[in-house]
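Note sheet for the following structure.
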Amino acid sequence: MALPDHYPFLTRNEFDIAAKLFIEQSKRSSDEEPWTWVEHEKVKGFGYICRKSLVKRITPVNFVILENDFTQIDDEIFEEEDLNSLPTVPVSDEYFTVDYHIIYSTSYKVPVLYFNAYNSDGTLLTNDEIYSNLVHPLKHNDIKTAGFNGAISQQDHPTLLIPFYYLHPCETATLMTSIFMAVLLRAYH
Amino acid sequence: MTAPQNPITRAIWDGTLPIKFSLDSTEAAALGAKAIVEPYFIEAPRCSYFPLWTSQIRKYFVDMALNFIGDDAEIWYDVDGTPLKWHYPIGLLYDLHTGYRPDSNSPPPLPWPVTVHFKNFPADKLIKAQAIDATQDFFMSMIKEADFLRNGSTKKVMNLSKNDQTQLWDGLWSKNYDRFWSVNYRLVINDGQMPKNVPMRIYLPDNCPVIQEPISPVDENGNQLTLGDVLHQVLPELFPSPLPSENASASPVPVIHGIIPQLEIPIVWASQNLCYPDNFLHIVVLLGI
């Protein structure tokens, strides 16, 4: 298996190649919107990938059901619903939009997940709403106590220079190593 | 505990900017101000952050009969209609937004006119957060990132005692040079080891993304790179040579702390002596006059 020279650290060029391969892969999975590549309008070298998802809001009523679902789904934090099977209740109340961007960090030399979540009127979800809707309940504590001030916070989007939430990248390299070890183990057995 | 004597870091620490804060006039009326409210003047350290001044500014305007009971985090600042990123140091914001070239013949735009807003927080343009705590978090995450750039890990910062970590922020907040630099000195000097990369950001005009490439302080033969070498390497079109241009005023210049540093200084020296308290060398590039 070929790995970049300094894996888990990537150069920007390695990130660009991997991200574009990932886009191709995402096009083959039928049920979700594929990821797309975006460049800065004027300056080269600030490209990233993005995808919009419609996510069902967790209300006190459906929270219990979802919480049970969480324990069965290992690597999906929440279920993204097929747009065609929306229930009859108004979309605006039940769903919100999440804008996911995966951006290369020149400092940490790893991909970083940036995201913003919008209500149908364009307002941003609050920090608390993000935790209750997008973070696995069993992980709340770990994520809130990581680093100086939790692993999720706001930061300027490196390309757009507007506020985005992001998952702090200082432990991403460790995670990427463990993913590769898991792949190796699976190949070995 | 006193910090090692360094007249350069001391001068940068002591650098201040006179700022004139005016109320947005339409907001002032909506918030019940009956007469024209006189502006508020402060002299703020260049290395400080706006949220550290917010409660003082708020008190002044509320004392002037402004009816505001909201949270400090609702208060924001703009210059000529552009919201100011409160997580940037004040001196960087001034250099960036005034675009004032220290080598120009005109006087600097001082006191710096800044508008204060108590309403309509632009959450699509500015990070919304609880004022002072959030500033501290940003500050510490910058210090952590700088450590990662220098050493490929954040161990040096994370291994600081809780007390030393607190002392960095407290020193900045309370304008206590010795408190801050006695701890920060150890980070910036990096135990005498050449850093892998120099923590630096370059700001260009016209809303370009901030440039933050990994910058090695030495070339492949181990020779130290100068500031001019680095600018030439990162922005060859703006800096076609690592040496100063003959027609200085028509050429782009780097501005740090309101001065144009010599291009011949080694980049490591610049990083250790001219960095902001967040450990980054923030360089504003201004185009020719």
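A few comments on the model shown:
- Selection from segment A:1-34 of residues that are more than 21 Å from A:G45 (Cα to Cα) and either within 18 Å of the chain's Cα centre (by Cα) or among the hydrophobic types (A, V, I, L, M, F, W, C) (or both): A:M1, A:A2, A:L3, A:Q25, A:S26, A:K27, A:S29, A:D31, A:E32, A:E33, A:P34
- For segment B:189-221, the tally of residues that are among the polar types (S, T, N, Q) and within 12 Å of chain A (Cβ to nearest Cβ) stands at 3.
- The helices (runs of 4 or more DSSP H) found entirely in segment B:88-173 that carry 3 or more residues being among the hydrophobic types (A, V, I, L, M, F, W, C) and surrounded by fewer than 21 Cβ atoms within 10 Å (Cβ to Cβ) are B:131-151.
- Within segment B:256-289, the set of residues being of a type in the set (V, I, T), more than 27 Å from B:D178 (Cα to Cα) and assigned to a loop (DSSP other than H, G, I, E, B) comprises B:I289 only.
- Selected residue (only one of A:I49, A:I58 is surrounded by 14 or more Cβ atoms within 10 Å (Cβ to Cβ), β-branched (V, I, T), modelled with pLDDT of 90 or more and touching a Ser or Thr at 6+ places or on another chain (Cβ under 7 Å)): A:I49
- Hits in segment B:68-86 (condition: in contact with a strand residue (DSSP E or B) (Cβ under 8 Å, 6 or more places away or on another chain) and within 14 Å of chain A (Cβ to nearest Cβ)): B:W76, B:P83, B:L84, B:K85, B:W86
- Residues that are surrounded by 21 or more Cβ atoms within 10 Å (Cβ to Cβ) and in the same structural domain as B:C275 (by TED's automatic domain parsing) do occur in segment B:234-247, at least one of them.
- Pairs with Cβ under 6 Å, 6+ apart, first in segment B:118-140 and free of Cβ contacts under 8 Å to residues at least 60 places away in the same chain, second assigned to a loop (DSSP other than H, G, I, E, B) and polar (S, T, N, Q): B:D137/A:N149
- Some residue of segment B:219-230 being part of a loop (DSSP other than H, G, I, E, B) and in contact with a strand residue (DSSP E or B) (Cβ under 8 Å, 6 or more places away or on another chain): yes
- Selection within segment B:136-170 - more than 19 Å from B:W181 (Cβ to Cβ), aliphatic (A, V, I, L, M) and out of contact with any Asp or Glu (no Cβ under 9 Å at 6 or more places or on another chain): B:L149
- Residue match in segment B:57-64 (condition: surrounded by 21 or more Cβ atoms within 10 Å (Cβ to Cβ) and assigned to a strand (DSSP E or B)): no
- Residues satisfying the stated conditions in segment A:162-186, i.e. aliphatic (A, V, I, L, M), farther than 30 Å from B:K85 by Cα and within 18 Å of the chain's Cα centre (by Cα): A:L175, A:M176, A:I179
- Count - residues of segment A:6-26 that are part of a helix (DSSP H, G or I) and under 14 Å from A:A173 (Cβ atoms): 2
- Selected residue (only one of A:T145, A:T159, A:T123 is within 13 Å of chain B (Cβ to nearest Cβ) and at pLDDT below 90): A:T123
One line per residue, one yes/no per condition, for (1) of a type outside the set (S, T, Y); (2) crowded, with 19+ Cβ neighbours inside 10 Å:
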{"position": "A:A117", "(1), (2)": "yes, yes"}
{"position": "A:Y131", "(1), (2)": "no, no"}
{"position": "A:K144", "(1), (2)": "yes, no"}
{"position": "A:P163", "(1), (2)": "yes, yes"}
{"position": "A:T174", "(1), (2)": "no, no"}
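- Check on B:R201, within 19 Å of the chain's Cα centre (by Cα), outside any loop (DSSP other than H, G, I, E, B) and basic (K, R): yes
- Against the conditions (1) within 22 Å of the chain's Cα centre (by Cα); (2) small (G, A, S); (3) closer than 29 Å to A:P163 by Cβ; (4) in a helix (DSSP H, G or I), B:A11 satisfies every one except (3).
The values are calculated or read from the model by the stated rules, or taken from the named source; none is laboratory data. Because the structure is predicted, anything quoted here is derived from the model rather than measured. Please note: Cβ atoms are built from the backbone with ideal geometry, for glycine as well, and neighbour counts cover all protein chains shown.
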